[in-house]
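Peer 1: One structure, as structure tokens, below. Some questions next.
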Amino acid sequence: MPRVVVDVVLKPEISDPQGQAVLGALGRLGHGGVRSVRQGKHFVLDVEGTPDEAELKQIAETLLANPVIEDVELHLPTD
Amino acid sequence: MRIGIITFPGSLDDVDAARAVRLAGGEPVALWHADHDLKDVDAVVLPGGFSYGDYLRAGAIAARAPLMQDVVTRARQGLPVLGICNGFQVLCESGLLPGALTRNSHLHFRNRDQVLRVERADTSWTSDYAPGQRIVVPVKNGEGRYVAADEDLDRLEAENRVVFRYVDGNPNGSLRDIAGVTSENGRVVGLMPHPEHAIEDLTGPSTDGLGFFTSVLSAAVAA
């Protein structure tokens, strides 16, 4: 069954306190070379038949992500 | 005066909201999220809680519930709607109110009595307050930080759509201390703090919250 992946991350201008907390922990663990962390969501959808790009784009942009605060990337299967 | 209170899976404060409506002199009407039936109510309250466990984003799944489609349609026609805490998140997710609520900047759940300044005393839910009045109501949230793009915030301020601001400390990092906003027509209001928990001396820090529920009684009559 075709697998579609959707990645969602907060827009750059929206502050990400969870990412900042992870960054702080990395610094304390000695990974000072990591300069920034943004935390996001990763959705894996198994879709019947040939994936309908328009439908998946709608799903990604209207439910999986909130366009007010988040950017979304749709990854269709490449076969 | 019939005021509907919608229960979603995971709503917590629907009973308190119904009690607030009753104490204010209204008739609370229980509404179920999965029905397409607003039961001829004159106004709607979306209560606090954790609908769908805050899965996906707080309020995101509840905002797509069958009854919410009816609420959105009727709200655009002037039905007064109040969203409290999770209800505010649902209203932002449904597109009835601008902006979004995200994780508190300090990452802690914050639960305390909060001072608010009333910025707008002419909405359907705030007409019994005075402009600039300070009220004390509980705030309790983990994802209450109000955010929007800078230009959107500028526009909101220019349109005078900020209804409440946090005073004496911002509990969650909300931009510009915004605690609540309203729709263009002033009939939809959302805020993170909980007026329905400040309606009786026995259980609340004040009775300042009762004004929301008395305000809408006159707003619904006027409509």
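Peer 1: Report, as an integer, the average count of C-beta atoms from other chains found within 10 Å of each Cβ along B:97-108.
Peer 2: Per residue, the average neighbour count from other chains is 3.
Peer 1: Please list, in chain and number order, the residues 5+ apart from B:Met192 or on another chain whose amide H is under 5 Å from its amide H, with Hs placed from the backbone.
Peer 2: B:Cys85
Peer 1: How high is the relative contact order of chain B, given as a whole-number percent (alpha carbon pairs under 8 Å, six or more residues apart)?
Peer 2: 21 percent
Peer 1: Per residue of B:122-132, how many C-beta atoms from partner chains lie within 10 Å of its own C-beta, taken as a mean?
Peer 2: Partner Cβ neighbours, averaged per residue: 0.
Peer 1: What ³J(HN,Hα) values, in whole Hz, does the Karplus curve 6.51 cos²θ - 1.76 cosθ + 1.60 give for segment A:39-49 when θ = phi - 60°, with x put for Gly and Pro?
Peer 2: Values, residue by residue: 9, x, 10, 10, 10, 10, 10, 9, 10, 6, x Hz.
Peer 1: Please list, in chain and number order, the residues 5+ apart from B:Ser174 or on another chain whose amide H is under 5 Å from its amide H, with Hs placed from the backbone.
Peer 2: Distant-sequence amide H within range of B:Ser174: B:Tyr146.
Peer 1: Rounded, prolate or oblate for segment B:12-95? Axes are the square roots of the Cα gyration tensor eigenvalues, ordered a ≥ b ≥ c, and the cut-off for rounded is a/c under 1.5.
Peer 2: Oblate shape, in that a/c is at least 1.5 and b/c is the bigger or equal ratio.
Peer 1: Let me ask something else. Karplus couplings for segment A:4-11 from phi (6.51 cos²θ - 1.76 cosθ + 1.60, θ = phi - 60°), rounded to Hz, Gly and Pro as x?
Peer 2: 10, 10, 10, 10, 10, 9, 4, 4
Peer 1: Do the sum for chain B: with -39,500 (n - 2.57) for every DSSP H run of n ≥ 4, divided by all residues, what is the mean residue ellipticity at 222 nm, to the nearest 500 deg cm²/dmol?
Peer 2: Rounded to the nearest 500, the figure is -7000 deg cm²/dmol.
Peer 1: For helix A:17-28, what angle does its Cα long axis make with the longest principal axis of chain A, in degrees from 0 to 90 and rounded to 10?
Peer 2: Relative to chain A, helix A:17-28 is tipped by roughly 50 degrees.
Peer 1: From the helices alone, meaning DSSP H stretches of at least four residues, give me the mean residue ellipticity at 222 nm for chain A, per-run term -39500 (n - 2.57), in deg cm²/dmol to the nearest 500.
Peer 2: -7000 deg cm²/dmol
Peer 1: Further question: Could you compute how fast the protein assembly as shown diffuses translationally, taking Rh as the Kirkwood radius over C-alpha pairs and applying Stokes-Einstein at 37 °C with viscosity 0.692 mPa s? Give it in µm² per second.
Peer 2: Calculated translational D: 164 µm²/s.
Peer 1: So if I restrict to the alpha-carbon atoms in chain A, what is the Rg, and what is Dmax, the biggest pairwise distance, in Å?
Peer 2: When restricted to the Cα atoms of chain A, Rg and Dmax are 15.8, 48 Å.
Peer 1: Summing Lys, Arg as +1 and Asp, Glu as -1, what charge do residues with Cβ under 15 Å from the Cβ of B:Leu156 carry, B:Leu156 excluded?
Peer 2: -4
Peer 1: I need the shape label for segment B:107-179. Rule: rounded when a/c is under 1.5, else prolate if a/b > b/c, else oblate, with a, b, c from the alpha carbon gyration tensor.
Peer 2: oblate
Peer 1: Collect residues whose amide H, placed 1.01 Å from N in the peptide plane, falls under 5 Å from the amide H of B:Val45; neighbours closer than 5 in sequence don't count.
Peer 2: So B:Val45 has HN proximity to B:Gly4, B:Ile5, B:Ile6, B:Leu82.
Peer 1: Can you tell me, using C-alpha contacts under 8 Å and at least 6 residues apart, the relative contact order of chain A as a whole percent?
Peer 2: 51 percent
Peer 1: Kindly write out, for segment B:47-61 in residue order, the coupling ³J(HN,Hα) from the Karplus curve 6.51 cos²θ - 1.76 cosθ + 1.60 (θ = phi - 60°), rounded to whole Hz, with x marking Gly and Pro.
Peer 2: x, x, x, 9, 4, 6, x, 6, 4, 6, 8, 4, x, 5, 7
Peer 1: Taking only Cα atoms and a 10 Å spring cutoff, compute GNM fluctuations for chain A and point out the largest among A:Val34, A:Val47, A:Val22.
Peer 2: A:Val34
Peer 1: Say each of A:Leu45 and B:Arg76 gets a label point 7 Å from the Cα, pointing the same way as Cα to Cβ; how far apart are those two points in nm?
Peer 2: The answer from the label model is 2.4 nm.
Peer 1: Now a separate question. Looking at segment B:14-64, which trypsin sites (Lys or Arg not before Pro) are DSSP coil and have at most 15 other C-beta atoms within 10 Å of their C-beta?
Peer 2: For trypsin sites (Lys or Arg not before Pro) across segment B:14-64 that sit outside H, G, I, E and B with at most 15 neighbouring Cβ atoms in 10 Å, the list reads B:Lys39.
Peer 1: Provide the FRET efficiency to the nearest 0.05 for the B:Asp152-B:Ala34 pair, computing r from the beta carbons and using R0 = 35 Å.
Peer 2: That pair, B:Asp152 with B:Ala34, gives E of 0.60.
Peer 1: A follow-up question, please. Given the options A:Leu26, A:Leu56, A:Leu64, state which has the largest fluctuation in a GNM of chain A using a 10 Å cut-off (strictly under) for Cα springs.
Peer 2: Looking only at A:Leu26, A:Leu56, A:Leu64, the biggest GNM fluctuation is shown by A:Leu26.
Peer 1: Same structure again: For chain B, the longest stretch holding no chymotrypsin sites (Phe, Trp or Tyr not before Pro) located in a DSSP loop with at most 14 other Cβ atoms within 10 Å is which?
Peer 2: Between exposed loop sites, the widest span is B:110-223.
Peer 1: While we're looking at this one, here's another question. Between A:Lys57 and A:Glu13, what is the label-to-label distance in nm when each label sits 7 Å out along the Cα-to-Cβ direction?
Peer 2: 2.3 nm
Only the coordinates and a few stated rules stand behind these numbers; no lab work does. Keep in mind that this is a model prediction, so the values were computed, not measured. Virtual Cβ from ideal backbone geometry, glycine too; neighbours counted across all protein chains shown.
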